[in-house]
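Here is the structure we will look at, set down as structure tokens.
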Amino acid sequence: MKDQRPSAILAFESSCDETAIALVEEGGRVVFQHLSSQIEIHRKYGGVVPEVASRAHFAVLDDLLSRSLADLARWDGRLVGVAATKGPGLIGPLIVGSACAEGLSLSKAVSFAGVHHLRGHLASVLLDESLAGATLKERAEELFPAWVVLASGGHTQVMAVEKDLSCRLLAETADDAAGECFDKSAKLMGLPYPGGPEIERLAMLVTSPPDLERARLFSLELPRPRSEEGFSFSGLKTAIRLKLQKHPERLEDPAFAWAVQDAICESLVAGMKRAYKKHAPSFPSKTWLFCGGVAANKTLRARLEMWAARERVVLRVPPLKYCTDNAAMIGAAAWVQAPQFALASCEARIPL
Ligand code: KG4
Ligand code: ZN
């Protein structure tokens, strides 16, 4: 008789400063996720220190694994595979997490799949509860082919993505990534790492119409992209530095944080518009997905919705908890990616 119990993949993420283990069922349910963030550890350095990160992953992995194995024992289903991020990312942290995952796959006698971290971010949109009832593969068939904007701490790019997570790069940043721009701007403003949530928190204090009017006066000039496509953020960072040199009193001013957030969001939307105009004839999809840590920004999510309504395209963003690094998205990618995308060795840099 066929085993009716759900099948699941146990997935590991450890490419930067989050260690996470999640169990992801074929039907898209995240049975559990245990996640430990190193943000507090790296805060005093103003960014992630690779060797410190490797040791911190190592220090928490044992506890995360024990909790995961205890939950796994209580779950009534079939473990069919183990997956882990193999790159891109910090090489030490990648080796710590994926070696543990591969060892576990051997001891459980199940297959192992190496996952590209960015494919994990792409797959994070599949974890939306509004898609419940369909398997992850069926969800991918429904959503893709799609335009995907990936904006994280290291990447800002637009891709044409297919249901097996094969990707064609359409546009990318010429310099800094959007998340990097949030982080570097926050540092200039004396805010802690990571900068995105800090700038958002401060900007959210601007609520009344007079405050908003004042914040608009601080508007920053958007950097002109170097070509008719792609994104550029380094000019914005310089503009922020120069403004703060001239007006140091704006350092802790929520209105200035609002203007910084506004400029980064506008630059992102402008880059999407350019990519859409240029590539729509060769990629006729009407679905846009926005993922990566920056997709957690609520102002950006609202702007994207307005843009999508104007353009008459379908927009999807991942659930907030799966925007920043996590293991559930790695499990989702392992379920839907074409077998040839499974990565064999850990690499700090690997193109998609
Ligand atoms: O995807 P992610 O967790 O890690 C990478 O793969 O890089 O993205 C981290 C980036 C950081 O630059 C962080 O500042 C940014 O995402 N970020 C945000 C928000 N939450 C995280 N940026 C703007 N608003 C947020 N709420
Ligand atoms: Zn990431």
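The values are calculated or read from the model by the stated rules, or taken from the named source; none is laboratory data. Treat the numbers as computed from the prediction; the structure is a model and nothing was measured. FYI the Cβ positions are ideal-geometry reconstructions off the backbone, even for glycines, and counts take in every protein chain you see.
Looking across the stretch 316-352, the residues that are closer than 20 Å to residue 146 by Cα, within 14 Å of ligand 2 (Cβ to nearest atom), of a type in the set (A, V, I, L, M, F, W, C) and in a loop (DSSP other than H, G, I, E, B) come down to 323, 352. In the stretch 297-310, the count of residues that are over 23 Å from the mean Cα position of the chain (by Cα) and either within 20 Å of residue 130 (Cα to Cα) or not assigned by TED's automatic domain parsing to the domain that holds residue 212 (or both) is one or more. Do we find a residue being free of Cβ contacts under 8 Å to residues at least 12 places away in the same chain, over 30 Å from residue 133 (Cα atoms) and either charged (D, E, K, R) or surrounded by 18 or more Cβ atoms within 10 Å (Cβ to Cβ) (or both) anywhere in the stretch 69-87? The answer is no, given that none of the residues of the stretch 69-87 is free of Cβ contacts under 8 Å to residues at least 12 places away in the same chain, over 30 Å from residue 133 (Cα atoms) and either charged (D, E, K, R) or surrounded by 18 or more Cβ atoms within 10 Å (Cβ to Cβ) (or both). Of the helices (runs of 4 or more DSSP H) that lie entirely inside the stretch 164-250, those containing 2 or more residues that are under 19 Å from the mean Cα position of the chain (by Cα) span 178-188, 195-203.
Looking for whichever is surrounded by fewer than 22 Cβ atoms within 10 Å (Cβ to Cβ), among the acidic types (Asp, Glu), on the phi < 0 side of the Ramachandran plot and at pLDDT 95 or above here; the options are 180, 228, 198, 221. Which one fits? Explain how you work it out, then say what you get.
Numbers: 180 fails: surrounded by fewer than 22 Cβ atoms within 10 Å (Cβ to Cβ); 228 fails: at pLDDT 95 or above; 221 fails: at pLDDT 95 or above.
One residue alone meets the criteria, 198.
Scanning the stretch 1-12 for residues that are touching an Asp or Glu at 6+ places or on another chain (Cβ under 6 Å) and crowded, with 24+ Cβ neighbours inside 10 Å gives a single hit, 8. Of all the numbered requirements in (1) in contact (Cβ under 8 Å) with a residue 40 or more places away in the chain; (2) part of a loop (DSSP other than H, G, I, E, B), residue 21 misses one, and that requirement is (2). Do we have residue 37 as closer than 30 Å to residue 129 by Cα, touching a Pro at 6+ places or on another chain (Cβ under 6 Å) and within 15 Å of ligand 2 (Cβ to nearest atom) here? Judged against the criteria, residue 37 is not a match. Applying the set (1) in a loop (DSSP other than H, G, I, E, B); (2) within 16 Å of ligand 2 (Cβ to nearest atom); (3) modelled with pLDDT of 95 or more to residue 119 leaves exactly one unmet item: (1).
Output the number of residues of the stretch 155-189 satisfying the condition of being of a type in the set (A, V, I, L, M) and within 9 Å of ligand 1 (Cβ to nearest atom). Looking only at that region, the number is 3.
Can you name every residue in the stretch 272-302 that is assigned to a helix (DSSP H, G or I) and away from ligand 1 (no atom under 12 Å from the Cβ)? Please lay out each step first, then the result.
Looking only at the stretch 272-302, we keep the residues that are assigned to a helix (DSSP H, G or I), and these are 272-279, 293-296, 298-302.
Within the stretch 272-302, 272, 273, 274, 275, 276, 277, 278, 279, 302 meet the criteria.
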